[in-house]
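K.L.:
I have a structure here, written as C-alpha cells, and I will follow up with some questions on it.
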Amino acid sequence: METRTKIYQNIYQDSVALMRISATISDMPGIEQASGLMGTTTNLDLLLESGLLDARPNTKPSDLLFVIKGKPEALDDAFTAAEIALAPKESSESSGGVKRLAPTSLLGALEEAPMANLALISTPGEFAAAEAMKALRAGLNVLLFSDNISVEQEIILKKYAAEKSLLFMGPDCGTAIISGVPLAFANVVRQGNIGIIGASGTGIQQVSSLIDQLGSGVSHAIGTGGHDLSKEVGGLTMLAGIHALANDPQTKVITLISKPPAKEVADKVLAAASKTGKPIVVNFLGADASQIKGPHITAASTLEEAAHRAVALDKGEAADFTSAGPDDLGINERSKIIARTIKSPQRYLRGLYTGGTFCYEAQLLLQNHLSDICSNGPVGNAQKMTSPFRSEGHTVIDLGDDVFTRGKPHPMIDPTPRNERILQEANDPETAVILLDVVLGYGSHDDPAGELAKTIGAARTSLKGSGPAYIASICGTVNDPQNLADQKAKLEAEGVTLCASNAEAVILALQVVKRSQQ
Amino acid sequence: MIIRAGIGFEGNWQGEIHSTYAEAVNVCVRDSDEETLKTLIAGEENIGERCLALEKRSARHLFARLKPGMMVRCDQLGLHFPKTGISSLRLTESQKDSWSSPPPPESILINDLSCKFVRDALQKEKTNLNALPLRIAAQTRFDAFVEDLHSHNKPDDKLLAGVIGAGPGLTPSGDDMLVGLCCALHGLKSSLLESLAVALRPHLGNTTLVSRLLLKDALRGSFHNPLIQLRNVLMHDAEPAKVCAIFHQATSIGASSGCDGAWGLLNGLLVFHQPHPSSMFRLEDTNNCYH
C-alpha cells in the first residue's frame, strides 16, 4: 500500500460533500482509505498521528488536502475520480438553461413543485411533528415515516388533517401506494379496484403483492401507522381512509388490515366500513372472527385470506378461500418429503423474520399447535425470550425489532444481521426448520434472495450438506426492482422450499417440525 | 429579491467571491490589512451582522451563477457583479437590518430541560457527524481543552493549538466548537472570553480564512443569530416546540458547522455556568478583607 497526497487550491466543499467523495473513492478497487480535509496545521498533525500521512505536505490552511492510501497502480485513477468530483460544476445557465438545485426544506420543495399534494416526511422524531404540521398547513397530505412522536401530537396532527380534509398517514407509516405510486417500503403492483387501509407495513405489502399475483390490482393502499387503532387515537386515519376510499370511484372493494383494535375502535371502524356499501374484507390479525361482522363485511384470518377474498369480491366470485391448515393434503405431502432430510436431534422451528407482521402472524398460526414458542415480541401463548440473541426451543424472532436495529439499518435493507443469525441457527443441532420471509419492493435490499441464498449455501457447505430445512415466502411482484421470478430462482437453486404466502410457509414448517418429533 | 441586509453588510466595499454553496456565498473583502467576510444567504430572515438574506428561489438561481474569484461591489445603490452580465441587486433603506448581535442576557441561568433536549438531540446526530474524518479527534481535543480551561481557569496554549483548525469542513469542527464556546462565555459574562481571545489570536493564522474571520467576530462578541437564539433557549424558559425549532435552525447551518457550534455552546454553558472557585472572590475584595 502507498499513501499519496494532492493539494487543491481555491476549492471549497462542505464536510459532508467531502465525506461522500472520500467514501466513493474508498470503494474503488485497490483503495484502502481516502480523506479530504482543509490543510490546517492541526489536521496535518492528526493525519500524521493516525498514520495516514508519513510526511508533512507543504500546505496552507486554505488548501484542500486529499490523501489516498491504496495499491500504487490504483492511485492515479482514484485521484482522477477525486478531481472530477471536486471540479466546480458548470452551471447549465451558461448554455441557456437554469441550474436546478435540490431544495433543502419542505416549503422549498413545494416552491419547486407547486402541484405536489403529498409530503413524505422522514426526519428524526423530535422534528417530525413540526415538519408534519408545516406540511398540513401548506395543504399537503402527509405520509409520516418517522416514529417517536407522542400520542398527543399524533392526535393533534390527525384532527388538524381531518379539519382540512387531508389524509395523514403515520406516524411510523412505512408503506403506502397512492394512485399507483409506491411510497417508502412498497411493491410495484398493478392498479386496480381494491383499496387497502392497513396499520401494518408488511401486512400491506403481503396483501397488495398477493392481489397483484392473483391478477387484480390496487387503487390505493393507505398506511395508518401502528398506533392508529389504539383507544387513544381512535382510528382517526383508518376512518379518514374509509371515507376517502368510499368516495373513490375506482375503489370497488376495501380491505382493512390491523392487529386487533381496541373494542370501541373496532366497532366504530366496522360501522363506518359497512356504511360505504362497498364489499369490505377485514383482517384484524388474531382477533375473534365472530366479532368481525356487519353488512358487506367479510372476515379473513390471515393476510393471504384477505388478499384472496378481496380478489374474489373484485371478480364477483365467492369469497371463500381459506388458508391451508395443518390438515391440508398438499401441505402434508410436501412436509413428508422435507421431513426426510431431518435427523435426530433436530426438532425445533426457528423463524427468522425481517417483517414484524409476518412474525406476529406466524406466532398466531403456531400457537395452538406447538407448545413453548418463544419470541422477542411474544403474541398469544408465546413466551418472551430470555435473550433475543439466543433461541430456545421453538423460536420466532422479529429481527426488525429495536434491539437488533439500534444504530443499524433494518434487516430488509441490510440482510447481514439475519444472515449471521441463520448461520447461528443452522449450527444448532436441534434446529429442524428455518422459516424465513423475503420482502421485495422499493426500500428493500437490491438482492435479498441472492444474499440469503449465499448464506444458506455457506451454511450447507460448513455442515457438509446436512443441517436444517429452509422454508420461505417471498413478498413481492415481478415488477418489483428485484423481480419476484429472479428472486425465487435464486432461493430454489439453493434448495429452499418456497410458499405462496407467509401463512402457507408457517403451516408447512409446522408440519415438518411435527414430523421430526414423531 | 433582497430580504434584509445586516448592519455590517452595507457600505462601500469591493470583494472577491471566496466560496459558493447551494444556500450561501462567501465574499472576502480586503481593506488595507484587514480582511472581512460578507455572506449572501438564501433564507427568509437575516442571520448575521455581515449577511445579506435573499429570497430563496432567486438566491439559488443567483448562487448557481456565482463562482470563486468573481468580483462583487457594494455601494449605496446595491450589490453589483461587474463583468458577469448578472443584474445588480438594489438595496433600499427598508431592507437594511437593524439587527446586531445582542449583549449577554441580564440573568445568568441555565435551563436544564432545554440543555437536556439539545444534548440528546446532538447525541442522535453523533453517528452521522462522527463518520466525518477527524471529527472525533476534533471533539476529543475540544472537550479536553474545555475541561482544562475549567480546571485551571486559563487557556492552555498547547491544548488550544490542537483544537484550532482541527477536523472536517471549510470551517473545521474545532473552530466551530470554539465559536460556540465563545458564545457561551459571552452569555455567561465570563472573563475567560478575554483570556481566550488573547490566547487564540496568535493561532488564527493556522486555520482557514472563513474560520478565522468567524472566530474574530466571536471573540468580539458577535455571533450568528441562530446561535444566539439557541443560547437564549438554553439559558431561559422556552416551550419544548420552540427549543426544537431553534435547535433545528441552529444546526442547519453548513454541513456540520451548526452541530459543532451547538456542541461548543452547550458544553461551554454546562461547564462554566458555575464559575471556577478562584473567580468567586475578586482580588480587590480579598485585599479589602485584609485591610
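K.L.:
Scan region B:89-123 residue by residue and report those that are surrounded by 14 or more Cβ atoms within 10 Å (Cβ to Cβ), at pLDDT below 85 and not in a loop (DSSP other than H, G, I, E, B).
P.N.:
Matches in region B:89-123: B:LEU89, B:GLN95, B:LYS96.
K.L.:
Next up: Collect the residues in region A:30-58 that are within 11 Å of another protein chain (Cβ to nearest Cβ), in contact with a strand residue (DSSP E or B) (Cβ under 7 Å, 6 or more places away or on another chain) and in a loop (DSSP other than H, G, I, E, B), keeping them in residue-number order.
P.N.:
Of everything in region A:30-58, those that are within 11 Å of another protein chain (Cβ to nearest Cβ), in contact with a strand residue (DSSP E or B) (Cβ under 7 Å, 6 or more places away or on another chain) and in a loop (DSSP other than H, G, I, E, B) turn out to be A:GLY39, A:LEU52.
K.L.:
Quick one: A:LYS259 ticks every box in (1) touching a strand residue (DSSP E or B) at 6+ places or on another chain (Cβ under 8 Å); (2) free of Cβ contacts under 8 Å to residues at least 60 places away in the same chain; (3) surrounded by fewer than 24 Cβ atoms within 10 Å (Cβ to Cβ) except a single one, so which number is it?
P.N.:
(2)
K.L.:
Kindly indicate whether A:SER371 is within 30 Å of A:VAL253 (Cβ to Cβ), of a type in the set (Ser, Thr, Tyr) and assigned to a loop (DSSP other than H, G, I, E, B). Spell out how you get there, then give the answer.
P.N.:
Numbers: within 30 Å of A:VAL253 (Cβ to Cβ): no; of a type in the set (Ser, Thr, Tyr): yes; assigned to a loop (DSSP other than H, G, I, E, B): yes.
Here the answer is no, as A:SER371 does not meet what is asked.
Residues are listed down the side, and each one gets a yes or a no for (1) out of contact with any Leu (no Cβ under 7 Å at 6 or more places or on another chain); (2) in contact (Cβ under 8 Å) with a residue 24 or more places away in the chain; (3) not aromatic (Phe, Trp, Tyr):
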position	(1), (2), (3)
B:CYS51	yes, yes, yes
B:HIS61	yes, no, yes
B:PRO68	yes, yes, yes
B:GLU106	yes, no, yes
B:ILE110	no, yes, yes
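K.L.:
Moving to a separate point now. Out of B:ARG65, B:ARG4, B:ARG57, which single residue is of a type outside the set (Val, Ile, Thr), touching a strand residue (DSSP E or B) at 6+ places or on another chain (Cβ under 7 Å) and farther than 27 Å from B:GLY221 by Cα?
P.N.:
B:ARG65
K.L.:
Can you find a residue in region A:432-446 that is in contact (Cβ under 8 Å) with a residue 40 or more places away in the chain, under 20 Å from A:ALA362 (Cβ atoms) and surrounded by fewer than 18 Cβ atoms within 10 Å (Cβ to Cβ)?
P.N.:
No.
K.L.:
Residues of region B:56-80 being over 28 Å from A:ALA109 (Cα atoms) and away from every other protein chain (no Cβ under 11 Å), which ones?
P.N.:
Listed by number, the residues that qualify are B:MET70, B:MET71, B:VAL72, B:ARG73, B:CYS74, B:ASP75, B:GLN76, B:LEU77, B:GLY78, B:HIS80.
K.L.:
Looking only at residues that are of a type in the set (Val, Ile, Thr) and not in a helix (DSSP H, G or I) in region A:421-437, which one is nearest to A:LEU491 (Cα to Cα)?
P.N.:
Among residues in region A:421-437 that are of a type in the set (Val, Ile, Thr) and not in a helix (DSSP H, G or I), the one nearest to A:LEU491 (Cα to Cα) is A:ILE434.
K.L.:
Please go through region B:1-35 and give me each residue that is buried (at least 16 other Cβ atoms within 10 Å of the Cβ) and over 24 Å from A:SER15 (Cβ atoms), ordered by number.
P.N.:
Once the filter is applied, which keeps residues that are buried (at least 16 other Cβ atoms within 10 Å of the Cβ) and over 24 Å from A:SER15 (Cβ atoms), region B:1-35 yields B:ILE2, B:ILE3, B:ARG4, B:ALA5, B:GLY6, B:ILE7, B:GLY8, B:PHE9, B:GLU10, B:TRP13, B:GLY15, B:VAL29.
K.L.:
When you scan region B:135-200 for helices (runs of 4 or more DSSP H) that lie fully inside it, which ones turn up with 3 or more residues that are of a type in the set (A, V, I, L, M) and surrounded by fewer than 16 Cβ atoms within 10 Å (Cβ to Cβ)?
P.N.:
So the answer is none; nothing clears 3.
K.L.:
Can you give me the number of residues within region A:189-221 that are closer than 25 Å to A:GLU317 by Cα and touching a strand residue (DSSP E or B) at 6+ places or on another chain (Cβ under 7 Å)?
P.N.:
Here is the first cut: in region A:189-221, the ones closer than 25 Å to A:GLU317 by Cα are A:189-198, A:203-221.
Next, only the ones that are touching a strand residue (DSSP E or B) at 6+ places or on another chain (Cβ under 7 Å) stay: A:189, A:191-198, A:203-209, A:211, A:216-221.
Of the residues in that region, 23 qualify.
K.L.:
Go through region A:136-183 and count every residue that is without any contact (Cβ under 8 Å) to a residue 40 or more places away in the chain and part of a strand (DSSP E or B).
P.N.:
3
The values are calculated or read from the model by the stated rules, or taken from the named source; none is laboratory data. Fair warning: this is a prediction, and the values are worked out from it, not measured in the lab. Every residue, glycine among them, receives a Cβ derived from its backbone with ideal geometry; neighbour counts consider all protein chains shown.
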